1. Taking H placed 1.01 Å from N in the peptide plane, check which residues at least 5 places from F410 or on another chain put their amide H under 5 Å from its amide H.
2. With only Lys, Arg, Asp and Glu charged, each at its Cβ (+1 for the first two, -1 for the last two), find how big the charge dipole of region 3-200 is about the Cα centre; round to the nearest 20 debye.
3. Angle, helix 180-190 long axis vs. longest principal axis of the chain, Cα atoms, 0 to 90°, nearest 10?
4. How many percent of Cα pairs in region 269-333 exceed 17 Å?
5. For F86, what residues show an amide H to amide H distance below 5 Å, using hydrogens built from the backbone and excluding near sequence neighbours?
6. Quote the charge dipole size of the chain about the Cα centre in Debye, to the nearest 20; the model charges only the Cβ of Lys and Arg (+1) and of Asp and Glu (-1).
7. For region 299-363, just the Cα atoms, rotate onto the principal axes and tell me the three extents in Å, largest first.
8. Pop the C-beta distance of H369 and D171 into the FRET formula with R0 = 60 Å and round what comes out to the nearest 0.05.
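Please treat every number below as a calculation from the coordinates, not as lab data. What you are looking at is a predicted structure, and each value in this text was computed from that prediction instead of being measured. Cβ atoms come from the backbone with ideal geometry, glycine included; neighbour counts cover every protein chain shown.
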Amino acid sequence: MKNITVIGVGYVGLVTGTCFADMGNRVVCLDVNDERIANLQQGVMPIYEPGLEEMVRRNVSAGRLSFTTSYQDALNDPDAPAELVFIAVGTPEGVDGEADLRYVRSASESIAEVADHPTIIVNKSTVPVGTGDWVSDIVVHKQATTVPFSVVSNPEFLREGSAISDFLNPDRVVLGSLDRSAAECVAQLYFPLRAPIMLTDLRTAEMIKYASNAFLATKISFINEIANICEALGADVKEVAIGMGYDKRIGRAFLDAGLGYGGSCFPKDVSALAHMANVQGKHPQMLQAVMQINADQRRNVVTKVRDLTNGLENKSIGILGLAFKPNTDDIRESPGVDLVRMFQQEGALVKVYDPVAMQNAARVLKDVHLCEGPYELAEGCDAIVLTTEWNEFKNLDLLRVRRTMRLPIFIDGRNLYDPNAMYEMGFIYRGLGRGYGLPPLNGHSAKTDGTGNSAKQKNHPTPGTNDGK
Ligand code: NAD
Ligand code: UGA
């Protein structure tokens, strides 16, 4: 059992603190946001994360988990002084893509000013390479009297929506430090998870996190590029991804083509890595392409809708999904939210619905019609764009949706539905990278089935020929 303080009660901090408490440790979670802490003290979660509320409640009742806004209380409880202090504050995108470290700085300063006994400062926030050394410098300069401390980098790899399970079943635990015994002390915390634990130096640990996120983002942009080529050539990217994924060297994960990656991490982390490279005089060409392709995926959807609706001015567009992915209420860098703004810029009237993220979206979106459900959203729409593959959308009564739309245009930004079934229901349906609804390569117009969709694959050219014969 260890005494732990976790700084920041966002997606990472609250999950980390709660899981460590569940593993039998005594954890104090601290945040500067009074409202978040007051709510947590009443059992109200600041975020939507499946399973979290129940786990928090259980550990609070057991006396292992508590919440405070006071660094003094969180660090220096005479009965249980914090041995390990995790920093899990935000590191949002700053100027020119650089990570904004102001919250890490302020948390580090507070630790230095308050801690009255030796601690291990464990950085869980995603921070640029070299930040561990920078945190050490801050602490040294801010301490009124010298109190020994060590810094360990412990990047987090959980995903929103499956955060608890990811945290408790990690593929690996990475610990970077110049102080081996400090890293080993943190490693003990993770022993019960029976995951591979990698001990390395601070900077390497920090880079492992960025390289991992950048690689996953690259897989997504790669498959989106393939999707665009599939679409032009009449192939189906979903099947291509399956076919590629059987190769163990490639793997099926993160090859879902669609609207691209959003969220609070991939966009900012790829930018931050590119920024680090640029500062060092390197030219991160692949990272630039990854970002460009990702931005294009959203623009391409607007183009698709504009073409099908003959302009967007005064058209009614429904956006189905605002969270950046299912099972979260997080709308940071969400394709759905971005698309709302892009459609509005072209004069469209936008209706939105999301099962969980409506409150967050209402705070940032202006002049949108907030709908209570997908069927209200469909009424009178000229086009619907599905942006988040929520379970709730998998079994919609699509005929009902189709019947109430003004035009039956459906853009499936996550390739959730079967194109043939959608045609049969009378939709003008477009997935991304699914090769349907396009004229063949030789420029002859495709046979159509009266829905604006070309008849299925048979109208597409034979691979390897230029004229489709
Ligand atoms: P978040 O924005 O959800 O939460 C950050 C919290 O830190 C907020 O509640 C904020 O009030 C608090 N905070 C800010 N400054 C503080 C201070 N000085 N003292 C105390 N509290 C302070 O952030 P998040 O999504 O949990 O991400 C945290 C870090 O973890 C980021 O670096 C992120 O890149 C990384 N990360 C996030 C995820 C994820 O899925 N969200 C996964 C892995 C890593
Ligand atoms: C991601 C990583 O998966 C985590 O390992 C990492 O810890 C986290 O970032 C972080 O550093 O914060 P997360 O952003 O929660 O986790 O969600 P993902 O499941 O990775 O999805 C990210 C985005 O990529 C979503 O918008 C999702 O729709 C999109 N995506 C994902 C695709 O477009 N295609 C895919 O095949 C997979």
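1. For F410, the qualifying residues are I384, I428, Y429, R430.
2. 480
3. 60
4. Roughly 62 percent, once rounded to a whole number.
5. T5, V6, I7, V122
6. Values: 46 positive and 57 negative charges, 281 e Å.
Around 1340 debye, computed over the chain.
7. Sorted largest first, the three principal extents are 34, 19, 16 Å.
8. Between H369 and D171 the formula returns 0.90.
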